Amino acid sequence: AADDEHILDGTPQQVELHAGDGIKPLIFYNARKPGIHLIKVDASDPSKVISGAKFSIRSVAGDYGPEEFVTDAKGEIDLSKLPVGAYVVTELSCPGYIVDEAQRIIQLDGNENAQFVFTNSKLPSLRLTKTSSDGTPLEGVSFRLAKVEDGSRYLDRTASSSGEIVWEGLAPGVYSLVETSTLD
């Protein structure tokens, strides 16, 4: 093929020529190279796209990648002019969301553009409200949040004037919550 958008058609054609036949046309058809269009959305609201998610894309045959790509402001990665073959698409990171660890494998043939939609759920949050026995918020009370499975990652916080502490972007799991200091 004369350009990088088409697949070379290496299939030989045969023609039988006889005197007086004139010009006989031979036509070689070239398929367009395939592409991948990836869209990243929020699982709780599929109309909300997610930018900044990182993916690895490689061919199974090893003739492409692995290459890393990041979703744009529209939550998309658009690749064209890929070699024909099977591709593995893996999500590497997604700030503020739980990474979808499933790999997608797809066979791409000429003239095809595959579309993938990856959905992610937000990382969990925890809101604690500390009140006195009469129900008024208590400011200045401290708590320690630790993930039970490793117990070493402490997230110490102190209650605000509204008596609240919010931990955002937590990894899914089981946590231990302990009051570490209180008011007189």
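In the set (1) within 26 Å of residue 168 (Cβ to Cβ); (2) at pLDDT 90 or above; (3) not polar (S, T, N, Q), the condition left unmet by residue 101 is number (2). Output yes when any residue across segment 18-29 is surrounded by 13 or more Cβ atoms within 10 Å (Cβ to Cβ) and touching a residue at least 12 places away in the same chain (Cβ under 8 Å), and no when none is. The answer is no; no qualifying residue exists. Residues considered: 12, 46. Of these, the only one that is closer than 30 Å to residue 124 by Cβ and at pLDDT below 95 is 46. Taking residues in segment 158-182 that are without any contact (Cβ under 8 Å) to a residue 12 or more places away in the chain, and partners anywhere that are assigned to a loop (DSSP other than H, G, I, E, B), not one pair has Cβ atoms closer than 8 Å while being at least 6 places apart or on different chains. Residue 111 meets each of the listed conditions (1) in contact with a Lys or Arg (Cβ under 8 Å, 6 or more places away or on another chain); (2) surrounded by 15 or more Cβ atoms within 10 Å (Cβ to Cβ); (3) not in a strand (DSSP E or B) apart from (2).
Listed here are the residues, each with its yes/no results for (1) in contact with a strand residue (DSSP E or B) (Cβ under 7 Å, 6 or more places away or on another chain); (2) of a type in the set (S, T, N, Q).
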{"position": "119", "(1), (2)": "yes, yes"}
{"position": "122", "(1), (2)": "yes, no"}
{"position": "131", "(1), (2)": "yes, yes"}
{"position": "135", "(1), (2)": "no, no"}
{"position": "147", "(1), (2)": "yes, no"}
{"position": "159", "(1), (2)": "yes, no"}
{"position": "177", "(1), (2)": "yes, no"}
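All told, residue 150 meets the bar of being among the charged types (D, E, K, R) and either over 22 Å from the mean Cα position of the chain (by Cα) or outside any loop (DSSP other than H, G, I, E, B) (or both). For segment 144-172, a residue qualifies if it is of a type outside the set (S, T, N, Q), closer than 23 Å to residue 96 by Cβ and open to solvent by less than 50 Å² (accessible area, probe 1.4 Å), and the qualifying residues are 145, 146, 147, 165, 167, 169, 170, 171.
Each residue in segment 75-89 was checked for being among the hydrophobic types (A, V, I, L, M, F, W, C) and loosely packed, with under 14 Cβ neighbours inside 10 Å, and 1 pass. Scanning segment 117-143 for residues that are outside any loop (DSSP other than H, G, I, E, B), of a type outside the set (Ser, Thr, Tyr) and either surrounded by 15 or more Cβ atoms within 10 Å (Cβ to Cβ) or more than 23 Å from the chain's Cα centre (by Cα) (or both) yields 118, 120, 122, 126, 127, 128, 137, 143.
The values are calculated or read from the model by the stated rules, or taken from the named source; none is laboratory data. The structure displayed is predicted, hence computed values, not measured ones. When we count neighbours, we look across all protein chains shown, and the Cβ atoms used for this are built from the backbone with ideal geometry, even at glycine. Keep in mind that these areas ignore ligands, DNA and RNA; they rest on the heavy atoms of the full protein, side chains included. Shrake-Rupley method; radii C 1.70, N 1.55, O 1.52, S 1.80 Å.
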